[in-house]
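Here the structure is laid out as structure tokens; the discussion comes afterwards.
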Amino acid sequence: MILLDLGQQKDWEYDVRAIVSSFYQGEEIMLADQAADTACEGSRILRIADLIPADCRDKNEMKRRFYLSLAAETGKELPWGMLTGIRPTKLTSNYLASGLTEAQAAAKLQADYLVSPRKAALAAQISVREAAVLKDVDPESTYSLYIGIPFCPTTCLYCSFTSYPFKKYEKLADTYLDCVEKEIGWTAERFKKKTCLSIYIGGGTPTTLDPARLRRLITHLKERIDCSKVREFTVECGRPDTIDAERL
């Protein structure tokens, strides 16, 4: 077990925990001030004050120093460096929008966030491709639709999304879909003069829903939303334990 002693920096817990989890995969992680005395016996204690100067107040600088400390200690380097969230291409897309070239964007991601050269190049390449897809999209006449399904088989420790264990909340699933269908109807009416270009069903884990509920949702969606011009229709399947032939 690893115990985190955050000292006065309680608001850094999410970022610190995510980096520690990346370096020490499979280890149980607890806050030192919340752990029972028995948990402290034989546990590794990471004190933020020992790794980061007290005058460090910038979160990115904190993450950088913390990452470098753990990299030196473990001898590991993570492919995505100190990035612990989602969508690294958001960073490289912003770099490109500021006037940097693809190579410069990759180099900046590598320098700023300690991302490996291979992953930095990949992120920049994807941002270039995204820009090509989006260049002819008119936000005034088109829209993209996101549908959130806030259920998972279980909630992963690192997850910061809206997610509830399905077995515990299954009795609310049909009521939730009732509400989603009402919002789909409102959206269809509100945006009837615009073209839907993409539909993304995310979560949570949408495939936590059984096949009958998935069929209900997608059937209603296609009945109310004109999908004839849709370029992307995605259903997130992030948990392998929710995938079977009938769902697919």
Residues of segment 52-69 being open to solvent by less than 80 Å² (accessible area, probe 1.4 Å) and farther than 16 Å from GLU13 by Cα, in sequence order, are PRO53, SER69
Of the listed residues (ARG216, ARG190), the one being within 14 Å of ILE149 (Cβ to Cβ), without any contact (Cβ under 8 Å) to a residue 40 or more places away in the chain and basic (Lys, Arg) is ARG216
Out of (1) part of a loop (DSSP other than H, G, I, E, B); (2) at negative phi, the one GLY99 does not meet is (2)
Of the residues in segment 226-248 that are hydroxyl-bearing (Ser, Thr, Tyr) and open to solvent by less than 70 Å² (accessible area, probe 1.4 Å), the one that is nearest to ALA173 (Cα to Cα) is THR242
Checking GLU223, GLU181 in turn, the sole residue that is open to solvent by 20 Å² or more (accessible area, probe 1.4 Å), without any contact (Cβ under 8 Å) to a residue 24 or more places away in the chain and not in a loop (DSSP other than H, G, I, E, B) turns out to be GLU223
Tell me whether segment 207-216 contains one or more residues that are surrounded by 15 or more Cβ atoms within 10 Å (Cβ to Cβ), closer than 30 Å to VAL20 by Cα and modelled with pLDDT of 95 or more. yes
Taking segment 70-96 and the residues there that are over 22 Å from GLN9 (Cβ atoms), in contact (Cβ under 8 Å) with a residue 12 or more places away in the chain and in a loop (DSSP other than H, G, I, E, B), the one that is nearest to the chain's Cα centre (by Cα) would be PRO88
So, first residue more than 17 Å from CYS159 (Cβ to Cβ) in segment 201-212, second residue in a loop (DSSP other than H, G, I, E, B), Cβ within less than 6 Å, six or more apart or across chains; the pairs are PRO211/GLU246; PRO211/ARG247
Note to self: Tell me whether segment 98-112 contains one or more residues that are basic (Lys, Arg), surrounded by 12 or more Cβ atoms within 10 Å (Cβ to Cβ) and within 21 Å of the chain's Cα centre (by Cα).
What the structure shows: no
Pairs returned, first residue in segment 106-134 that is more than 19 Å from TYR67 (Cα to Cα), second residue that is exposed (fewer than 15 other Cβ atoms within 10 Å of the Cβ) and of a type in the set (Ser, Thr, Tyr), beta-carbon separation under 9 angstrom, 6 or more apart or interchain, are ALA124/THR101
request  = Consider PRO117 carefully, then state whether it is within 30 Å of GLU28 (Cα to Cα) and either buried (at least 17 other Cβ atoms within 10 Å of the Cβ) or at pLDDT 95 or above (or both).
outcome  = no
* Qualifying residue in segment 162-175 (condition: open to solvent by 50 Å² or more (accessible area, probe 1.4 Å), in a loop (DSSP other than H, G, I, E, B) and in contact with a Gly (Cβ under 9 Å, 6 or more places away or on another chain)) -> yes
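The values are calculated or read from the model by the stated rules, or taken from the named source; none is laboratory data. The model shown is predicted, which means the values in this text are computed figures rather than measured ones. Cβ atoms come from the backbone with ideal geometry, glycine included; neighbour counts cover every protein chain shown. These area figures cover heavy atoms from the full protein model, side chains too; ligands, DNA and RNA do not enter into them. Shrake-Rupley method; radii C 1.70, N 1.55, O 1.52, S 1.80 Å.
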